[in-house]
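Undergrad: Okay, handing you the structure first.
The values are calculated or read from the model by the stated rules, or taken from the named source; none is laboratory data. Just so you know, these numbers come straight off a predicted model, no measurement behind them. Cβ coordinates were reconstructed from backbone atoms using ideal geometry, including for glycine residues, and neighbour counts include every protein chain displayed.
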Amino acid sequence: MTRRWFRLKHCVLAALSFTLIFATALAQERRQGVPGQFDYYVLALSWSPSYCEARQDRTPDRMPDRQCSGRPYSFVVHGLWPQYERGFPSYCMVPPPRLNRLIVESMLDLMPSPRLVFHEWDQHGTCSGLSARAYFENVRKARERINIPPEYLELGRPIEVTPAEVADSFVRANPGLSRSALSISCDRKWLTEVRICLGRDLSFHDCTNVRRNACHVDKARMPAVRGG
């Protein structure tokens, strides 16, 4: 009797779990691609020197772009991305509303590429449910929410770091931020991004989905800040 009861209980729990997963997936499917229907944001901060080194490796004869010459960029904003607890929406309005060039120019101190600003609006901003002006105001507010660790602001020499070291530096520099709310990204050679999860109110937000794609190398290189 006890064994039968245990089996029955196990089957009921399994059925309830499946029903919950199915209901969650169905709810997400219904809002897939609907502007404004998302759970939280990811603020992606790219290590600009890694981008420039990788670009130079790929196309050594190509003229350097804006962020790879002139001003010494460290972490720059890649984007502010609406997310679901599982997955994310993209290109929620096709064609996207036209982006005013004055807005583009206003963002170049944080996102040093007009092409990037246009792309981020098309792919991610249109899913926010906000106007272009309000969305990029949110991008700026999100960036202002984050303190870059001082050791990375004017990095004068290349270093090697572990993903945990970078994560710990951001946690120390940002009271209230936990390791569960950020993810460190890299390629096979360079540390590329720090991704920080923020609620719709831009408070820190734990996010297991983003951390699944974290950097898994033992150490990654961080090139020095250029042009200081």
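Undergrad: Which ones in the stretch 150-183 are hydrophobic (A, V, I, L, M, F, W, C) and more than 14 Å from Cys215 (Cα to Cα)?
TA: Leu153, Leu155, Ile159, Phe170, Val171, Ala173, Leu177, Ala181, listed by residue number.
Undergrad: Pairs needed: first member in the stretch 91-112, within 15 Å of Arg66 (Cα to Cα); second member anywhere, at pLDDT below 95 and not in a helix (DSSP H, G or I); C-beta distance under 7 Å; at least 6 residues apart or different chains.
TA: Pro112/Tyr73
Undergrad: Just for the stretch 161-219: of the residues that are closer than 25 Å to Gly87 by Cα and among the basic types (Lys, Arg), which one is surrounded by the fewest Cβ atoms within 10 Å (Cβ to Cβ)?
TA: Arg188
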